[in-house]
Amino acid sequence: MLSPTPLSLFCALLLCLPLAVVFTVKSPAASTATTSIIIDSNENPPTVIVPITHSTKINQEIGRQQSSTAALPLPLPPPPSDDEPLLRVASLVNPKPRPPTSPKKLAFMFLTTVPLPFAPLWELYFNQTSKNLFNIYIHADPTHLYNPPFSGVFVRRVIPSKPARRFTPTLASAARRLLAHSLLHDPSNAMFALFSPSCIPLRSFNFTYRTLISSKKSFIEILNNEGGAYGRWAARGDEAMLPEVRLEDFRIGSQFWVLTRKHARLVVRDRMVWSKFKLPCVRCDTCYPEENYFPTLLSMRDPRRCVPATLTHVDWRGRFDGHPRTYKASEVEPELILSLRKDRPRYGDDGTNGSDSSVTKRHHPFLFARKFSFESIQPLMRIANDVIFKD
């Protein structure tokens, strides 16, 4: 028998080495875990907020991760092309805020394509109270630049975001994404409020907190028999919404609402109604999914636990271009803020409850308002402490 030479041994080793590499590298596809992160708009690495694992003990795992004080830097992954895994795991969270011994929190969710122009005003607002009473989440369309970057209480609060444009389902999809991340991030989040960059607070944080945390209902405008309802319902095609969403089930309402934790979970769990609203429109001039999906869903699923009104004041009088009145800097005076506070919300069930005085005398306070021009920040800051935050 011939003894192997050193040269033949070396060649054999070279032939076997690729196989060893192949069988020792673990495929990423073998893992079923995804990660929910908060992205810093600056150059710092993102901060991990919630590791999402498909586990029967998802709530316990989230709780353990939430109690950790260490932030683990990770390379920034691209947002997944499909939100389904995120929504599926978010739908498994406990519908009640946990733990019961911790204070309930408000989740402030900003949907924006621009740097937040009223960040200094919101900064004053949030600095009025303890940081353990609220969380902030930002959905920032990645196709836009944000200069100056988010800072102060808004730093590192951007979730993995996707393009969000009017006349498409992407705005409603962004709101669902915000709800999912908010549910997963903190089990103490009890109420979930959605804002645009042109929104401002009308009251102090403490007043807002007491009003919302004491409520067991969502505040969402749900309007029936509105003009133009058929055009909106048929925007995807004459019968595209059938059979899941009939015309008589279709509702219209403000894009800006406050949802209970139970209703936030209901939204991320929904597949049937969303399967219709996510369809592309064939008529863009009547396509407003963000104003139709949420009121329609909650009206169909749980109308009794909704106050059918928004707590974000907006003035549509005399407007026909799809945009409400925008308050200019020259209009910002104490009298304007006080008049917005005094207005009564429009309730979707007004006129349908007969002589029920408990309904006809409702007057929930407006807590927020829009739209304000971006240059309004200076006069708003001048009256912030003496008017806006003075209850």
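The values are calculated or read from the model by the stated rules, or taken from the named source; none is laboratory data. Bear in mind that the values here come from a model prediction, so they are computed numbers and not experimental data. Because the Cβ atoms are built from the backbone with ideal geometry, glycine has one as well, and the counts that use them run over all protein chains shown.
Results, tabulated for the structure shown:
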quantity: Qualifying positions in the stretch 127-157 - within 27 Å of Pro295 (Cβ to Cβ) and of a type in the set (A, V, I, L, M); calculated: Ile136, Ile138, Ala140
quantity: Ser204 vs. criteria in contact (Cβ under 8 Å) with a residue 40 or more places away in the chain, within 19 Å of Leu116 (Cβ to Cβ) and not aliphatic (A, V, I, L, M); calculated: no
quantity: Single residue of the stretch 121-131 satisfying the filter (at pLDDT 95 or above and under 21 Å from the mean Cα position of the chain (by Cα)) that is surrounded by the fewest Cβ atoms within 10 Å (Cβ to Cβ); calculated: Glu123
quantity: The stretch 302-319 residues that are within 16 Å of Ser196 (Cβ to Cβ) and touching a residue at least 24 places away in the same chain (Cβ under 8 Å), paired with ones that are of a type in the set (Val, Ile, Thr) and in a loop (DSSP other than H, G, I, E, B) (beta carbon under 7 Å, 6 or more apart); calculated: Thr310/Ile220
quantity: Sole exception among (1) touching a strand residue (DSSP E or B) at 6+ places or on another chain (Cβ under 7 Å); (2) farther than 30 Å from Ser130 by Cβ; (3) crowded, with 19+ Cβ neighbours inside 10 Å for Ile200, by number; calculated: (2)
quantity: Residues located in the stretch 145-159, provided they are outside any loop (DSSP other than H, G, I, E, B), closer than 13 Å to Trp122 by Cα and among the hydrophobic types (A, V, I, L, M, F, W, C); calculated: Val153, Phe154
quantity: Test: residue in the stretch 246-263 that is farther than 25 Å from Phe372 by Cα, hydroxyl-bearing (Ser, Thr, Tyr), crowded, with 21+ Cβ neighbours inside 10 Å and touching a residue at least 12 places away in the same chain (Cβ under 8 Å); calculated: yes
quantity: Residues of the stretch 120-141 satisfying the condition of being within 23 Å of Leu183 (Cβ to Cβ) and not in a helix (DSSP H, G or I); calculated: Thr129, Ser130, Phe134, Asn135, Ile136, Tyr137, Ile138, His139, Ala140, Asp141
quantity: In the stretch 274-295, residue modelled with the lowest pLDDT [restricted to those that are surrounded by fewer than 15 Cβ atoms within 10 Å (Cβ to Cβ) and not in a helix (DSSP H, G or I)]; calculated: Arg283
quantity: From Arg305, Arg346, residue being basic (Lys, Arg), closer than 19 Å to Gly228 by Cα and surrounded by 13 or more Cβ atoms within 10 Å (Cβ to Cβ); calculated: Arg346
quantity: For Glu226: the one exception among (1) of a type in the set (D, E, K, R); (2) within 16 Å of Lys104 (Cβ to Cβ); (3) at pLDDT below 95; calculated: (2)
quantity: Unmet requirement for Arg166, which otherwise passes all of (1) in contact with a strand residue (DSSP E or B) (Cβ under 8 Å, 6 or more places away or on another chain); (2) assigned to a loop (DSSP other than H, G, I, E, B); calculated: (1)
quantity: Residue among Pro345, Pro365, Pro334 that alone is over 28 Å from the mean Cα position of the chain (by Cα) and either within 29 Å of Leu124 (Cβ to Cβ) or at pLDDT 95 or above (or both); calculated: Pro334
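Here is a yes/no grid of residues against (1) at pLDDT 95 or above; (2) among the charged types (D, E, K, R); (3) farther than 25 Å from Leu87 by Cβ; (4) in a helix (DSSP H, G or I):
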| site | (1), (2), (3), (4) |
| --- | --- |
| Leu179 | yes, no, no, yes |
| Pro187 | yes, no, no, no |
| Ser198 | yes, no, yes, no |
| Gly231 | yes, no, yes, yes |
| Arg236 | yes, yes, no, no |
